[in-house]
Amino acid sequence: MPLSMAVRTLDYTPTYPTYPSLWMGGYGGAQRGNHGTVARRLKASCVVFDDGSGTKKAMLRIDVVSIAREIHQQIRAAVLPLVGNVNGNFLITCSHTHSGPMIGVNSPHPYVMMSLNAADISAIGQTTTVFINQLVALVQNTLSDATTPVNLGYATGSVTIGYNRAELPTVLTEVQVLTARRTSNNSLFALLYGYGCHAVSRGNDDVFDSDYCGFAAEAIGSALGIGTNVFFFQGAAGDQDPEDPHQASQVNTLGQRLANKVVDIVNNGTFTPVTGPISTRYNDLLLPLNRDLGNPAAIIELRNKYTARMAANPPESYDYRHAKVMVDQIAGAGVQRYFFMPIEVWKFGGLNIVALAHEVLSVYETRIKALTGTKTWVMGYSNEIGGYVGGDTTIRAGETKHFGYEGGWTDDPNVSGAGTWTTFYAWAAPLKLDGDSITTPGGPSTEQAIVDAAAALINQA
Amino acid sequence: MPAPGNLVAPYGVTPVYPVHTNGQLWQYEHNDPAGGSFTWGSSKQIGNGWQGRVLAGPSGYFYSITTGGELRLLHFNGSSWDPYASGVYQVIGQGWNYIAATTKYKITVDEDGVIYTLETDGRLRAWYFDVMAKNWTILGATLATGLGSTYNAIIGAGRGVLYLRTTAGVLHRWYIDDWTTPATPTFQKPTTSMSTGWTNFKNFSSSGGDVIYVVNASGTLLHYKWNTSTSKLTAGTTIGSGWGSEQDVIVSSNTTTRSNPATAFSSLGPNDGGAALARINAVKLP
């Protein structure tokens, strides 16, 4: 079935007063706001596919560290009527650059992250509204654009720009490249590429920067003569860090290395055809936490632990601030009890795209790629980002691996670990540790539940 | 399922819910649910208008029987009441007549959320409402007959465990044995005395694992638990006074257990691989 595409890119780099807040997201600790310096522009892009089925499919990719569930849901609700009201027909992914704006006021939590006051948090909320409106308009406009008939081709290569920071053996090196060439003259129309590595090569400063992946996109666009029609999709990079040192010059170094590989693949790689129709699936998988936080007894236990943590830590510490948020939530509307894990699959002829929410660790790329002989591109940071999703090894290890950061707990698996992801994303407890298979009482493990759900979507008729 | 093991209290607390005669529902925190000592945390009011009969199930689920006999399912999440389509409750039955003094203790909920009733015709029946699918999966399965003149109260106190009070105030412990021969569970109904002197006790409730909270005739709140050496209930320990005027005193039904806590019923539903349903279905009478 013939495919056609439309693409648009928006430079959304926040400036005051259009954006009421320029607080930055990605690193906790000291308060961190942009003061006008921009190393590389922050972009949002929409890629629309028309496979002739009568309903277009849209991908929205954004240079931003994260969008939380409620933001994802707002964008999705606005876009869905335009894509046939089918969840699978709309995909959002984030580059996870840590040198962009803080979006959202709940997860990550601005007070926990930067000790911001109510007025600052309110400004972030207003910035979030501007951000959402711009993105929705971008998708609406792109869906209205005329499409260009294209032939798609897929190829992969390998390059190393990082390492596994979570004391795990896997280092992601695969580069995924999907080219769209005009059917009229075979010229390159657009290029989608993927790689799995945290976008933190710039390091912690107050400069807006799309990081290595943004640098690479610009370099690729320049080398191949397609300008801004180069779109980066982050992989399962929860445990993947770029090579040290993380500083401004490293953005160029690593970005250029990645760009060189992509250009090499385009010029010398073996591409296989990717065809329509595109079949899409979506599952809002519900992952349990390690404590049943819908149980009043668990909430009492939790309140007691967080009250004790507040008493044991100074108010300026992460631990105190997180504990206070938890105690306040318990006294108010309640803590988050479920961890939703949207999984989205786009099946082309010759290629499956499996897009996972959150900061998934590399084990998911490895396991999901092993599910099928068909070429599979695994994306992370898709649709919503509300925390890290480790494999069972990481989740069960607690502080014995990388201080428990990706596992979410340290010495007590039933409560958020001080200084781990559950602190910054403002969760009360880590993901479920136990379970081995679907038939075991107690249910499958977190890792198995995700892999099973992905397999079900891939195999769905 | 494996045989019952040692008593554990996974959360270190059992929420105790007195219902005042003015309809106020409160949450108290008993901080020694396995030991039974006088150790309490804070308390707070969590509801109004709770007339009729109130039962606490596992993991925050409540069953409220209105004065009109309507059975309602509710869920308290520790901070607030979860929403249902019709508000904060779902109507799941009518004609549940367990309000009167002669019938209010003839209904109970066990650790897995199985409801048991002792009917006026002498039948012991089991009911199971699937809180996730929101439908009944066991609807009044008869487990025993001819009990009407022998027992006047029942207490679900574990996974398939029931204590039955005789008209003489003696407790018997019945249980479904699904570990000796797992393929063919049996309903064991011994008439050995587990405890005596319960004639004037009221407001029975269990937190699971053979732990029973009960108010005696002078308003003392007592904590009983299974003595593994004697295979009887221990003498009750006093954990409160002035509880005599409450309309109901109930406790969450799965905050103590003798089973693997990983298989405990959660607020998201059962995690026992279907064991509770299988257990009931295996021993129900034709």
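Given R₀ = 41 Å, what would the calculated FRET efficiency be for B:Trp81 paired with A:Gln247, taking r from the Cβ atoms and rounding to 0.05? The formula returns an efficiency of 0.20 here.
Taking every DSSP helix (H) stretch of at least 4 residues in chain A, weighting each as -39,500 (n - 2.57) and dividing the sum by the residue count yields a mean residue ellipticity at 222 nm of -9500 deg cm²/dmol. Loop only per DSSP, at most 11 neighbouring Cβ atoms within 10 Å: give me the chymotrypsin sites (Phe, Trp or Tyr not before Pro) in region B:165-261, ordered by residue number. In loop regions of region B:165-261 (DSSP not H, G, I, E or B), the sparsely surrounded chymotrypsin sites (Phe, Trp or Tyr not before Pro) are B:Trp179.
Indicate the gyration tensor shape class of region A:18-129 (rounded, prolate or oblate), computed on the Cα atoms with a ≥ b ≥ c the square roots of the eigenvalues: a/c under 1.5 is rounded; otherwise a/b larger than b/c is prolate and the rest oblate. In terms of gyration-tensor shape, prolate. Pairs of Cα atoms under 8 Å, at least six residues apart: use those to get the relative contact order of chain A, whole percent. The normalised contact order for chain A reaches 16 percent. Taking each DSSP H run with n ≥ 4 as -39500 (n - 2.57) and averaging over every residue of chain B yields -1000 deg cm²/dmol at 222 nm. The lysines whose alpha-carbon is closer than 25 Å to the alpha-carbon of A:Lys347, local same-chain residues fewer than 8 away aside, are A:Lys56, A:Lys57, A:Lys369, A:Lys375. Measuring between their Cα centroids, region A:258-290 and region A:98-146 lie 26 Å from each other. Between rounded, prolate and oblate, where does chain B land on the alpha carbon gyration tensor, with a ≥ b ≥ c its root eigenvalues, rounded for a/c under 1.5, else prolate if a/b exceeds b/c? Rounded.
Each of A:Lys369, B:Lys104 was scored by other Cβ atoms within 10 Å of its Cβ. Arranged with the fewest first, they read A:Lys369, B:Lys104. Within chain A, which is the longest segment that contains none of the GluC sites (Glu not before Pro) sitting in a DSSP loop with at most 14 other Cβ atoms within 10 Å? In short, A:1-166.
For B:Ala141, the residues whose amide H sits under 5 Å from its own are B:Ala126, ignoring neighbours fewer than 5 places away on the same chain, with H placed 1.01 Å from N.
For the peptide A:335-341, the mean number of other protein chain Cβ atoms found within 10 angstrom of a residue's Cβ is 2.
Under 1.5 on a/c is rounded, so check that first for region A:74-225, then, if it is not, pick prolate when a/b is larger than b/c and oblate when it is not; a ≥ b ≥ c are the square roots of the alpha carbon gyration tensor eigenvalues. Here region A:74-225 falls in the oblate category. Annotation: the residues A:His109, A:His402, sorted from fewest to most other C-beta atoms within 10 Å of their own C-beta, follow the order A:His402, A:His109. Within straight-line reach of A:Lys324, meaning a Cα separation under 16 Å, sit the following aspartates and glutamates at least 8 residues removed in sequence or on another chain: A:Glu301, A:Glu316. Per-residue 3J(HN,Hα) values for region A:104-118, derived from phi via the Karplus relation 6.51 cos²θ - 1.76 cosθ + 1.60 with θ = phi - 60°, read x, 10, 10, 8, x, 9, x, 5, 5, 5, 10, 6, 6, 8, 4 Hz in sequence order (x marks Gly and Pro).
Given R0 = 45 Å, the distance between the Cβ atoms of B:Thr181 and A:Asp328 translates into a calculated FRET efficiency of 0.30. Each of A:Asp51, A:Asp411 was scored by other Cβ atoms within 10 Å of its Cβ. Arranged with the fewest first, they read A:Asp411, A:Asp51. Using a cutoff of 8 angstrom between alpha carbon atoms and counting only pairs six or more residues apart, the relative contact order for chain B works out to 20 percent. Going by Cα centres, region A:25-91 and region A:341-359 are how many Å apart? The two parts, judged by their Cα centres, are 15 Å apart. For region A:251-375, the relative contact order works out to 31 percent when only alpha carbon pairs closer than 8 Å and six or more residues apart are counted. Counting every C-alpha pair in region B:1-105, the share spaced more than 21 angstrom apart comes to 44%. Straight-line reach only, C-alpha to C-alpha below 30 angstrom: list the lysines that B:Lys106 could link to, leaving out same-chain residues fewer than 8 apart. By straight Cα distance, B:Lys106 reaches B:Lys44, B:Lys134, B:Lys189, B:Lys202, B:Lys225, B:Lys232, B:Lys284.
For the pair region B:61-105 / region A:151-174, the C-alpha centres are spaced 55 Å from each other.
The numbers here are math on the coordinates, done by the rules we state, and not lab data. Bear in mind the structure is a predicted one, so any value in this text is a computation, not a measurement. All Cβ positions, glycine included, derive from the backbone under ideal geometry; neighbour counts span all protein chains shown.
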